[in-house]
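Contents: one structure, followed by commentary.
Please treat every number below as a calculation from the coordinates, not as lab data. Nothing here was measured: the structure is a model prediction, and the numbers come from that model. Here the Cβ is made from the backbone with ideal geometry for all residues, glycine too, and neighbour counts use every protein chain on show.
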């Protein structure tokens, strides 16, 4: 993996941190990451590996999800049965859901879906 792609992965994984600590819009964060340029080279597995090395990102994404106040939006969290879900909701209605046994894979899916949903 090239250093540029790794830097893009780091930036998109840090999206909630950047969004909550800097005066940046989602579009500006996505543009700065150069995701649109590298997106075909970035696999969910690559994102998952980065999150495994930085497990504190899971909590950052959970807190980010809890703070979302717009719809439609992607959400991420742990279920009662110890699985993890990434879901797309529109006005409280579940439109699409992905379930995972592995929290790193789930968080990686949340990262990818969130970034890809930003126009």
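Stretched out straight at 0.36 nm per residue, the stretch from residue 52 to residue 97 would grow longer than its current Cα-Cα span by 14.0 nm. Highest mobility in the GNM of the chain, judged by mean-square fluctuation with C-alpha springs under 10 Å and restricted to 15, 98, 88, is found for 98. Give me the tail of P(r) for the chain as a percent: Cα-Cα pairs with distance above 20 Å. Roughly 38 percent, once rounded to a whole number.
So between residue 116 and residue 40, what do we pick up on full extension, going 0.36 nm a residue minus the alpha carbon distance?
On the way: separation 76, 0.36 × 76 = 27.36 nm, distance 1.15 nm.
Stretched fully, the residue 116-residue 40 segment lengthens by 26.2 nm.
Would you order 21, 65, 83 from fewest to most other beta-carbon atoms within 10 Å of each residue's own beta-carbon? Numbers along the way, then the final one.
Working: 21 9, 65 18, 83 13.
Final ranking by Cβ density, sparse to dense: 21, 83, 65.
Over the range 1-54, the hull volume per residue, using the convex hull of the C-alpha atoms, is 77 Å³. Going 7 Å from the Cα of residue 71 toward and past its Cβ, which residues in the range 84-114 have a backbone nitrogen under 14 Å from where you end up? 88-96, by backbone N distance to the label point.
The order of 6, 63, 57, going from fewest to most other C-beta atoms within 10 Å of their C-beta, is 63, 6, 57. For the range 58-110, the orientation-averaged shadow of the C-alpha convex hull comes to 3.4 nm² (one quarter of the hull surface).
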